Amino acid sequence: MEIFIIVTIFFYIASTAGYIAYLFFQKNYLHEAGCYLLAAGLFCHSMVIAYDFLKSGLVPVQNLYQILSLAAWMIAGVFLVFQYKFNLRILGVYAAPLVTLITIISLHIPRNAVPVKNILNNFWTVFHVFVILVGEASFALACGLGMLYLIQEYSIKSKRHGFFFRRLPSLELLDNAGYACIAAGFAMLTLGLISGFLYAKIIWGRLWSWDPKEVCSAIAWLLYAAILHGRLALGWRGRRSAVMAVIGFAVLLFTFIGVNFLMKGHHGEFTRW
């Protein structure tokens, strides 16, 4: 199985190189190469995740290595879907390096699983983790689109129609694609939180326990709800939405990294090594 891990990394790195080359040279074949290489890496990555599942018989979220690996796999898959829908070729310059970085980081983390209490090996755990990661992958892409929007907006306002202006799509396309990512991510995050609350009631006897991750996840949910409400009811578009998409993803990163390593809670035991 180590060979599949090596091949996965190779394809992800090659995909990153392809997308970066596309950024500079704007040749269609470079974009296609980056896309196909990322898809190949995703396939090999799927084999690695499936092997971990079949070998242990447990959902592959037993430690930080598996969770990071699953997160990278999810971002790659969600990106390919959004790229197909919006034809945002330039987004690969953000997505492919992000997937590669997360995957490489995961490989430098010990793979020893934490003691399992059977609560991770059932349908509700799979559903909860899956939809949460789909949501967070969508928010990661929204963050990237927000940053691209801000770069393009700066190029236009400064009247420096140089490198990025000629290579980035219109502000309207970036804004609409970012909104679609946030809407999809919000729907998945909502499902994930609801399933988590219901499962907590079954396992711990209460829907809400003021666990640090629960609190931070609720804050992130409220922030993205505010972004959607502002767009639909108040007409928030453009720069404001882009900035809030970046801030929202920063909150999610703190929820995953800061909460798990700096605060105690019943989620942290699965993401420490």
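Read the figures in this text as sums done on the coordinates, not as results from a lab. Being a predicted model, the structure only gives us computed values, none of them experimental. Because the Cβ atoms are built from the backbone with ideal geometry, glycine has one as well, and the counts that use them run over all protein chains shown.
General remarks:
- Kyte-Doolittle mean at least -1.0 and Cα axial length at least 24 Å: DSSP H helices in the chain: 2-25, 28-56, 64-86, 123-157, 171-204, 212-234
- Cβ-Cβ distance of K159 and A218, R₀ of 41 Å, FRET efficiency by 1/(1 + (r/R0)^6): the value works out to about 0.45.
- Electrostatic dipole magnitude of the chain [Cβ: Lys, Arg +1; Asp, Glu -1; Cα centre; debye, to 20]: 580
- Shown here: Rg/Rh (Cα atoms, Kirkwood Rh), derived from the displayed model; of the candidates [x] 0.96; [y] 0.98; [z] 0.93, it corresponds to [y].
- The distance from the alpha carbon centre of segment 224-241 to that of segment 76-94 is 23 Å, rounded to a whole number.
- Cα-based Lys proximity count in the chain, under 19 Å, for pairs eight or more positions apart or on separate chains: 5
- Between the residues F127, G185, L91, the greatest Cα displacement towards the positive end of the dipole of the chain, with unit charges on the Cβ of Lys, Arg, Asp and Glu, is found for L91.
- Magnitude of the charge dipole for segment 1-115, about its Cα centre and with charges confined to Cβ atoms of Lys, Arg (+1) and Asp, Glu (-1), is about 160 debye.
- Panel note: the C-alpha atoms of segment 1-115, placed on their principal axes, show extents of 49, 24, 18 Å (largest first).
- Largest mean-square fluctuation among G235, G192, G92, in a Gaussian network model of the chain whose springs join Cα atoms under 10 Å apart, belongs to G235.
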